[in-house]
1. Given C-alpha coordinates of the chain, what is the ratio Rg to Rh with the Kirkwood estimate of Rh?
2. May I ask you to derive the relative contact order of the chain, considering only C-alpha pairs under 8 Å and at least 6 residues apart, and to give it as an integer percent?
3. Output the Cα-based Rg and Dmax of the stretch 209-297 in Å, rounding Rg to one decimal and Dmax to a whole number.
4. For a quick check: sort Asp263, Asp216, Asp48, Asp76 by the number of other beta carbons within 10 angstrom, fewest at the front.
5. Which ordering of Glu175, Glu209 is given by a fewest-first count of other beta-carbon atoms within 10 Å?
6. Which of Val260, Gln19, Ser274 sits closest to the plus end of the dipole of the chain, meaning its Cα is farthest towards the positive end, when Lys and Arg get +1 and Asp and Glu get -1 on the C-beta?
7. Just the ratio, please: alpha-carbon radius of gyration of the stretch 171-236 over 2.2 N^0.38 Å, N its number of residues.
8. Just need log10 I(q)/I(0) for the stretch 141-189 at q = 0.14, 0.18, 0.24, 0.29 Å⁻¹, Debye formula, equal scatterers on the alpha-carbon atoms, no solvent, rounded to two decimals.
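Each reported figure results from applying straightforward, stated rules to the coordinates on display, with no laboratory input. Just so you know, these numbers come straight off a predicted model, no measurement behind them. Quick reminder, even Gly has a Cβ in these numbers, built from the backbone with ideal geometry, and neighbours come from all protein chains shown.
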Amino acid sequence: MIIIPGPASQELGKNIAKQLKAKISPIEFTRFPDGESRIRFERNVEDDDVVIVQTTGPPQNENLIQLFLMADNAKDLKAKTITAVVPYFAYARQDQRFRLGEAFSLKTIITLLKTCGVKKILTVNSHNSAILKTMPIHIQDLSAIPLLAEHYKNKGFYNAVSLSLGKKGLNTAIEANNILKGGYDYIPTHRDRTSGVVTLEEKTLPVKEKDAVIFDDIISSGGTMIKAVAYVKRKGAKTVNVGCVHALLTEEVKNRILDVGADQIVATDSVQSSISVVSIVPLIADALAKKEARKRG
Ligand code: R5P
């Protein structure tokens, strides 16, 4: 196996390789004067099982183009297999045609990766795990929620109430509760498909005078989390903490979440940010090691 850390995941890719004691193929990465990406592999990948590590957080479109360039390049250079490790999978939230005539973006991205020779995708807490099973490439969706819950447990939040956003996300709260053991529930959310505005419906929550941790896959505009933190605060929680997998948020959004009453916000390093304190390296390295072991039989 040879790891290629893409421009968006240099550190992550190198650390995954280090943990696996795998070889790295460094890349030369520059931009043409008009801003287009130029990528060159610094070593031969012929007959290698290539693993490209490239997250696709902001700027999503550029990071995706670089991923396509690397995968197609590996295909042309006769790599034996190509696996794409895409910790944050851009466009995964557009997982259907919500409105008539809309593009089914997730399918488009996966079709392009397949055309570029990708045989397997490894991702983390993709927005809709079930839909990934219907895609034309084998996609393994790992969960970093236990890592976030472990983080809070180690910080003294054993017995905190685990909360998810939306009933569909309840599994997230259940996964976290397996570690924190303080009970779990969900905050009912509704997103208007045209305006994108999220509203939270009223519901009783078992958080009064307790520590609560709200878990979510993504914080982007912060619209959802700002309302959720204020909601849990109103319900009388002693502390309101946030664990998010993919930190797409700006510093301003982070501060707004703290301003409405969050005691702390942590995220993984799937996308680097000032709150990325939980590493997904062991999660990904372990999945790749198991894949190798299966191949060896
Ligand atoms: C929604 O279904 C997701 O789980 C997140 O809650 C959402 O994507 C967060 O986006 P934003 O921060 O823009 O509200």
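1. Values: Rg = 19.8 Å, Rh = 20.0 Å.
Expressed as Rg/Rh, it is 0.99.
2. Numbers: 627 pairs, mean separation 37.7, N = 297.
With pairs under 8 Å counted, the relative contact order is 13 percent.
3. Values for the stretch 209-297 (Cα only, Rg and Dmax): 16.2, 54 Å.
4. Numbers: Asp263 17, Asp216 25, Asp48 20, Asp76 11.
Arranged by neighbour count, lowest to highest, Asp263, Asp216, Asp48, Asp76 become Asp76, Asp263, Asp48, Asp216.
5. Working: Glu175 19, Glu209 7.
Result, fewest neighbours first: Glu209, Glu175.
6. Farthest along the dipole direction, towards plus: Gln19.
7. Values: Rg = 12.5 Å, N = 66, 2.2 N^0.38 = 10.8 Å.
Computed over Cα atoms of the stretch 171-236, the ratio equals 1.15.
8. -0.29, -0.47, -0.79, -1.02
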